[in-house]
Amino acid sequence: MANTLFHPIVDAWFSAKFGAPTDAQRLGWPEIAAGRHALIAAPTGSGKTLAAFLASIDSLLRQALDGTLEDRTQILYVSPLKALSNDIRRNLELPLAELAEEARAAGHLFPPLLAAVRTGDTPAAERERMLKRPPHILVTTPESLYLLLTSAKSRALLSGVRTVIVDEIHALARDKRGSHLALSLERLEALCEKPPVRVGLSATQRPIEEIARFLVGASRVAEDGTPDCRIVDTGHRRTLDLAIETPDSELGAVCSNEQWAEIDARLVSLIESHRSTLIFVNTRRMAERVAHRLGEKLGEDAVASHHGSLSRQLRLDAEERLKAGKLKAIVATASLELGIDVGFIDLVCQLGSPRAIATFLQRVGRAGHRLGVIPKGRLFALTRDELLEAAAMLRAIKAGRLDAVEIPVAPLDILVQQVVAETAAREEVPEEILFELFSRAWPYKDLQRSSFDKMVELASEGVARGRKDGAFLHRDGVHGVLRPRKSARMAAIMSGGAIPETADYRVVTEEENVFVGTVNEDFAIESMAGDVFLLGNTSWRIRYVRGGQVVVSDAQGAAATIPFWLGEAPAAPSSSPARSPSCAAASTTRSPRAAVPPPRPGSPPTAA
């Protein structure tokens, strides 16, 4: 590679491992190495993650060789998914170990470069261990970052952060989780000895300038709207092998049982003609149903389900079996949508409309998730309406269009969480300081002081004036200072985040007390002892329901019902698609009316 930006050890390792850099890496590295904020937009499988990490890893290696490397966290990686966080940690450990081996082979005394994950799945012992010896690279989620910023011990852990990487930034910016993260980034910057470099990554982000403003915050946006951020945009376009699949019988307003049988037969045909297939559905209920039906035809050990209501162990087991080639197919919700490395996937099938162009592109990008491989996707229309949506979606993809991301405007429920948390962390803070701090977050750039004062009044006076119910702060109106009440820290830790609280019941086995997953509260209450239901592609017989738990035993494959979860279907975007400014010459698309069989062996795939 002969890249003068990097130390010769890093340069030699990259050249041996990958050869030449991709456009995202070639253009992104100089900006990050120079300490400039950067937003990198590139197709899936184009090396965005390494584009963000390598310049920072090079800095760690140079410090290690100079003997100046301290046990301090310098790189913070924020992911929207816990599963993606664990995957990134696994993908970091191997490069770090290989670089250490290269350094030792060159005769250098080289201390280990440490990476760790801090999410809701992280065991308490591991959390305590990383406080005693901070990792150089910390991988986390927006919610866990918020908790780290609220705890006194963890704040010390973050004070030396130099680089913050926000992956799949488009998935965060579009809702209140993004607003929550934007406030956390401002809290982090106020805590750090030096403002950290912010790096954003995504394959599908439009309008890209607005995403850049969201990344860097209002304090780094000029009056004309230009963000102090280098935008590396290599486009979201890739050559794709796409087609629409329909049942043999005519589609109607709903998908009939006969049509589902035709879809199942087509899925089995596609799965058997490919090495590994990833099937996306829009709800957890459908994931269990489809995995069960395909398991009956292909064998239970050939198909697995994957969604957020399964236990972490079951999800990891399904991912590992797919990587090892022990599964022919995995049926997933959005839990496998964002960049998770589940090995080589030949084909992605989407059952039903995903309701957003960016979502479909993200999901298809799981197939051929490596350089030089053409992703292959099949979109199954289940109704007449979905057939029209599917045709419009493929037409938009051919034209290089994406859904525009609309950032929420100053959600006050998110702001009050962060105000209580920051006050609890500092013990005492002037209101003016907090207002200025949080106004620097892009979603709150137009925050009115009157709105901020009303929100602070609610946090200090409680819901009913004079009763102090729900009052977490003490407000010194004379000096304009906020102090936490005794309940403030606990409330901040227990009630933080923007993910809606669910009243799901835990499903545990009767003898071993092993956690299997969760089911909706209504489903649990309506069930009775002896009922059999499906979870994780396994039939479970209910022994009893008690204390927020459904205690079960293995039903040995008995006929089972499918549990339900409420409010999980995807919503359509509220805005019209935004045209991509980098529309390369589009290749021809298939006819959206008929299903197209896979190309014959040796024949080139048709791009859409």
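The numbers here are math on the coordinates, done by the rules we state, and not lab data. As the structure is a computational prediction, the values presented were derived from the model and not from experiment. Every residue, glycine among them, receives a Cβ derived from its backbone with ideal geometry; neighbour counts consider all protein chains shown.
How large is the charge dipole for the chain, taken about the Cα centre, if only the Cβ atoms of Lys, Arg (+1) and Asp, Glu (-1) carry charge, to the nearest 20 debye?
That gives a dipole near 660 debye.
About the Cα centre of the range 8-233, how large is the charge dipole given +1 on each Lys and Arg Cβ and -1 on each Asp and Glu Cβ? Please answer in debye to the nearest 20.
Its charge dipole is roughly 540 debye.
In terms of the Cα gyration tensor, with a ≥ b ≥ c the square roots of its eigenvalues, is the range 241-405 rounded because a/c is under 1.5, prolate because a/b exceeds b/c, or oblate?
Oblate shape, in that a/c is at least 1.5 and b/c is the bigger or equal ratio.
Treat each spin label as a single point 7 Å out from the Cα along the C-beta direction, and report the residue 412 to residue 525 distance in nm.
3.2 nm
How many nm separate the modelled label positions at residue 132 and residue 513, each set 7 Å beyond the Cα in the direction of the Cβ?
2.6 nm
Using r as the Cβ-Cβ distance of residue 223 and residue 453, and R0 as 25 Å, what FRET efficiency do you calculate, to the nearest 0.05?
The value I calculate is 0.40.
Among 282, 68, 145, whose Cα sits farthest toward the positive end of the charge dipole of the chain (+1 at Cβ of Lys/Arg, -1 at Cβ of Asp/Glu, about the Cα centre)?
So the residue furthest toward the plus end is 68.
For a protection proxy built on the mean count of beta-carbon atoms within 10 angstrom, sort 547-554, 196-203, 246-253, 373-380 highest first, please.
Descending packing order for the listed peptides: 196-203, 373-380, 547-554, 246-253.
So how do 192, 349 line up by other beta-carbon neighbours within 10 Å, fewest first?
The order, fewest Cβ neighbours first, is 192, 349.
Rounded to the nearest 500, what is the chain's calculated 222 nm mean residue ellipticity when only DSSP H runs of at least 4 contribute -39500 (n - 2.57) each, over all residues?
Computed ellipticity for the chain at 222 nm equals -12000 deg cm²/dmol.
Using Cβ counts within 10 Å as a stand-in for footprinting exposure, how do 494, 393, 455 rank, fewest first?
Listing 494, 393, 455 from fewest to most nearby Cβ atoms yields 494, 455, 393.
State the label only: which of [x] 18, 50, 29, 2; [y] 16, 37, 31, 14, 2, 0; [z] 17, 45, 32, 6, 0 corresponds to P(r) over Cα pairs in 20 Å bins from 0, in percent computed from the shown model?
Comparing each candidate, only [x] matches the computed number.
Among 283-296, 100-113, how do they line up from the highest to the lowest mean number of other beta-carbon atoms within 10 Å?
283-296, 100-113
Any idea how far the Cα center of the range 115-136 sits from the one of the range 168-184, in Å?
So the two Cα centres are separated by 24 Å.
Given 0.36 nm per residue, what is the gain on full extension from residue 399 to residue 4 after removing their alpha carbon distance, in nm? Spell out each step's value before the answer.
Working: separation 395, 0.36 × 395 = 142.20 nm, distance 3.84 nm.
Residue separation times 0.36 nm, minus the Cα-Cα distance, leaves 138.4 nm.
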